[in-house]
Structures are given as C-alpha cells and as structure tokens.
Amino acid sequence: MAARSCPDLERLLTVAEVAELLGTSERFPRRLIAERRIRFVRVGRHIRIPETALREFIEAGVVEPMTVGDVRPAPWRVA
C-alpha cells in the first residue's frame, strides 16, 4: 500500500535535515532546541522540528539593510 499524504499534517524535519537546510552542523539546531529558541515536537524519543518553526526562526533573524535615510552621522563627526 502506498503512503498517503495528509494535507492537514505539517512536515516534520529531523535535526539533520534542519542542519542541512541552515548550512550548519547538527550541533546548532540541537543547541536551539536545548535553549528552547525554536519550536519542536517529541515523537517518542525522537525530536522533530516543524517546517513553519524553522521558517519563523529564520524570519525572526532577518536583518533588513539600512537605507541612506536610516544612517545618522556619528556623534564625534559634527559638521
């Protein structure tokens, strides 16, 4: 019997898959889990990270570039 895809279930990623997607070692996502900096799911004794949790983590770390209007002169450089 072929495996069926359930549209209501979100894909759960392994620590190794998360590390590969982030381009890091497995130690980094494990540290995020230990420090409770990312949502995760326990499936028995296994740890899985929902795809949306990984997206949220990445989006929370996005730093937008500064524009010319954002740049203020340094206080020691008074014109």
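Bear in mind that the values in this text are calculations on the coordinates, not laboratory data. Keep in mind that what you see is a predicted model, and the values were worked out from it rather than measured. So basically every Cβ, Gly included, is an ideal-geometry build from the backbone, and we count neighbours across all protein chains shown.
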Rg [Å, one decimal], Dmax [Å, integer] - the chain, C-alpha atoms: 19.6, 76
Inter-label distance for residue 41 and residue 66, nm, one decimal - labels placed 7 Å from Cα along Cα-to-Cβ: 4.2 nm
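Only helical DSSP H runs with n ≥ 4 go in: add -39500 (n - 2.57) per run for the chain, normalise by residue count and round the 222 nm mean residue ellipticity to 500 deg cm²/dmol. Could you put the intermediate results ahead of the total?
Working: 3 runs with 26 residues, N = 79.
The helix-only estimate for the chain comes to -9000 deg cm²/dmol at 222 nm.
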Describe numerically, in nm with one decimal, the distance between label points set 7 Å from Cα along Cα→Cβ at residue 21 and at residue 56. 1.3 nm
